[in-house]
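Structure record follows, encoded as structure tokens.
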Amino acid sequence: MSAEQTPPVSPDAGSIAVPVTVSWDGAFHVNQTVLTTHLWAAPPLRRESPIHDRAFAALRDLKADCARFLPWFSHPVLSVPALEPPTETTTSWDFSHLDPFVEDFMAAAEGRPVVANFATIPHWMFEGAEDVVVSRDPDEIHWQYEQGSDFRDETLAEVADYFFRLASWYIAGGFTDELGRWHESGHRYRFAYWEVLCEPDLNRRMPPEVYTRLYDAVVERLQPLDPEMKFIGLSLSHVHHDPEYFWHFLDAANHQDGIPIDAFSCHFYASPEIVNPFGPEGNADPSTWRSTFFAQADAFVESVAYIQSIARRLAPGARMFLNEIGTYPADIMNPAPQIPAFYWALSGSVHAYLWARLLPMGIDLLGIAEFMDYPGMIPGTSLLDWETGEPNARYAVTQLLLRHFAPGDRAVPTSTGYPGFPDARLHAQGLMRPDGRRSLLLVSKWDEPIELDLSGTGMSGGSGEHVHVGTDGIARFQCGDTLRLEPHATVVLTSTSAT
């Protein structure tokens, strides 16, 4: 991913460079945010795919803790191991499609902690979903799979039993099915977290009261499988962030005794969508994407602060996971998407900016979505090229942050521009490692070059790595007192030694 590149051009004589200042001895916040990604059971990641090996090598190379595995409802053949209800004589349990994904995901994790979210409830467990037709083609997308909102078993025992058997297959070596027959798997995996469903507020329109009952039922069944495994609730979509979900779920009075609220999660995607009452929805002009993405990111930071205030009041011990963070062009399901070349670096700069903005707030996890996507399935969220499996600029930015920053670093006061007049075109954040080594993150929110004066950072003579429009992965350079910050650039400067 790295390549030598000519150092950034110094500003021309007479030009005004934006000063960046870091107070290395100032008050600090300790970084506690785990940066990671998530991978779903996408057809291009099947073992038959020509990009399979390259894609999983890229996942392994990230070396990210708490990567999240998410078999999603859009491809039930790959994600639901019981596609048909049991009869008096038969069951439909079949893990032949799902096992290769889990095995390859766990191998790429190399023993690091992971999050499991087997999110899809079989359609036949819902009233009114009897007519859902599931093609046995693993490549076919089933956007209509999640129909119905009323469980046929109102006690939710049927759903809890399903997840118990599925979890037992991967954690306990197998399970006994509805007819009393044993199914041997040989798997003995350990998951640091089990997340209960994904975006129930969006796909099933599940009320918070129903979701909380389901969470309790599933957690109660799964707890004995691994007493050390923790649980994540909510996993709310980027669409709603309805406070009532947080108010209800985070209140221990709404849960059964002994059911933990270890962590809760929600998602955020920025999109340049326009809603036209006189025509089709679509993408706004690409020249507006930059301002739209960053404005939406700022609004999300404010939402996070509000959500945190609810959590501190009701469940101060619960961790907050923002485990799907990304951007996408609005024509998300277009089989022939029109994505301009600059988009990938811009998208990477957005999630680098959010990581830096959220770091002082003490967020416990930030997950960059999604590891693999492709045309027809929200391609703008992908970290890989869906044709080659090669990492793109979104991956490179994620790798850059993981390479240089980690929980335990100290985030110190950092400013751009002049006192009282910060430069809104960029964001800067200095961090100091426990051993005293210094790093400086610079994120361009602009689509033109910005000249910087770094004499107030103490980083002159250090090394730099950056990702921007036109780079192929992460490029290296040596740092002086000035720097040309390229459009949509994400840059990390590193001191030569500890101080």
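For segment 123-208, which GluC sites (Glu not before Pro) are both in a DSSP coil and crowded by at most 13 other Cβ atoms within 10 Å?
On the way: sites: E127, E130, E140, E146, E154, E158, E178, E184, E195; in loops: E127, E130, E140, E146, E154, E178.
Those that pass, being in a loop and sparsely packed, are E127, E130, E140, E154.
Go through I16, I171 and list them by solvent-accessible area, largest first, probe radius 1.4 Å. Don't jump to the answer; show the numbers that get you there.
Numbers: I16 140, I171 5 Å².
In descending accessible area the options line up as I16, I171.
Bin width 10 Å, alpha-carbon pairs only: give the P(r) of segment 443-499 as whole percents, running from 0 to the bin holding the largest distance.
Taking all Cα pairs of segment 443-499, the binned fractions are 24, 55, 19, 1 percent.
Considering only protein heavy atoms and a 1.4 Å probe, what is the carbon-and-sulfur percentage of the accessible area of segment 45-203? Spell out each step's value before the answer.
Values: 3060 of 6410 Å².
Carbon plus sulfur share of accessible area: 48 percent.
Given C-alpha coordinates of segment 352-499, what is the ratio Rg to Rh with the Kirkwood estimate of Rh?
On the way: Rg = 15.8 Å, Rh = 16.2 Å.
Ratio of gyration radius to Kirkwood radius for segment 352-499: 0.97.
Report, to the nearest whole %, how much of the accessible area of segment 292-436 belongs to carbon and sulfur atoms, 1.4 Å probe, protein only.
56
For segment 30-165, what is the largest minus smallest coordinate of the Cα atoms on each principal axis, given in angstrom and ordered from greatest to least?
48, 40, 27
Sum -39500 (n - 2.57) across every DSSP H segment of at least 4 residues in the chain, then divide by the residue count to get the 222 nm mean residue ellipticity, nearest 500.
On the way: 10 runs with 122 residues, N = 499.
It lands at -7500 deg cm²/dmol.
Working from the pairwise distances between different alpha carbons, so that the mean of 1/r is found and then inverted, what is segment 370-457's Kirkwood radius in Å? It would help to have the intermediate numbers written out before the result.
Numbers: mean 1/r = 0.0641 Å⁻¹.
That comes to 15.6 Å for segment 370-457.
How much of the DSSP beta bridge set in the chain is antiparallel, as a percent to the nearest 5?
On the way: 43 of 78 bridges.
Around 55 percent antiparallel, to the nearest 5.
Any idea which of I332, A55, G186 is furthest toward the positive side of the dipole for the chain, if Lys and Arg beta-carbons carry +1 and Asp and Glu beta-carbons -1?
A55
Take the eigenvalues of the Cα gyration tensor for the chain, scale each by 5, and report the square roots as semi-axes in whole Å, largest first. Don't jump to the answer; show the numbers that get you there.
Details: eigenvalues 343, 113, 94 Å².
The three semi-axes for the chain are 41, 24, 22 Å.
Stokes-Einstein at 25 °C, 0.890 mPa s, Kirkwood radius from Cα pairs: D for segment 294-352 in µm² s⁻¹?
Numbers: Rh = 14.0 Å.
For these conditions, the coefficient is 175 µm²/s.
With +1 assigned to the C-beta of every Lys and Arg and -1 to the C-beta of every Asp and Glu, and no other charges, what is the dipole magnitude of segment 170-302 about the Cα centre in debye, to the nearest 20? Mind showing how you got there, number by number?
Values: 9 positive and 21 negative charges, 76 e Å.
It works out to roughly 360 debye.
Counting only DSSP beta bridges with both residues in segment 102-256, what percent are antiparallel, rounded to the nearest 5?
Details: 4 of 9 bridges.
Once the DSSP bridges in segment 102-256 are tallied, antiparallel ones form about 45 percent.
Run the numbers on the chain and let me know its relative contact order in percent, using alpha-carbon pairs under 8 Å that are six or more apart. Walk me through the numbers on the way to the answer.
Details: 1097 pairs, mean separation 102.5, N = 499.
Answer for the chain is 21 percent.
Given the options N323, F371, P391, identify the residue whose Cα lies farthest towards the positive end of the charge dipole of segment 236-391 (+1 on Cβ of Lys, Arg; -1 on Cβ of Asp, Glu).
N323
Normalised by the number of residues in segment 49-104, what is the relative contact order in percent for Cα pairs under 8 Å and 6+ residues apart?
Numbers: 33 pairs, mean separation 13.0, N = 56.
Averaging sequence separation for qualifying contacts and normalising by length gives 23 percent for segment 49-104.
Can you give me the accessible area per residue for segment 7-110, using a 1.4 Å probe, in Å²?
On the way: 4260 Å² over 104 residues.
So segment 7-110 comes to 41 Å² accessible per residue, rounded to a whole number.
The values are calculated or read from the model by the stated rules, or taken from the named source; none is laboratory data. None of these values were measured; they are calculated from a predicted model. As a convention, Cβ positions derive from the backbone with ideal geometry for all residues, glycine included, and neighbour counts pool all protein chains shown. Surface accessibility is based on the protein's heavy atoms, side chains included, excluding ligands, DNA and RNA. Shrake-Rupley method; radii C 1.70, N 1.55, O 1.52, S 1.80 Å.
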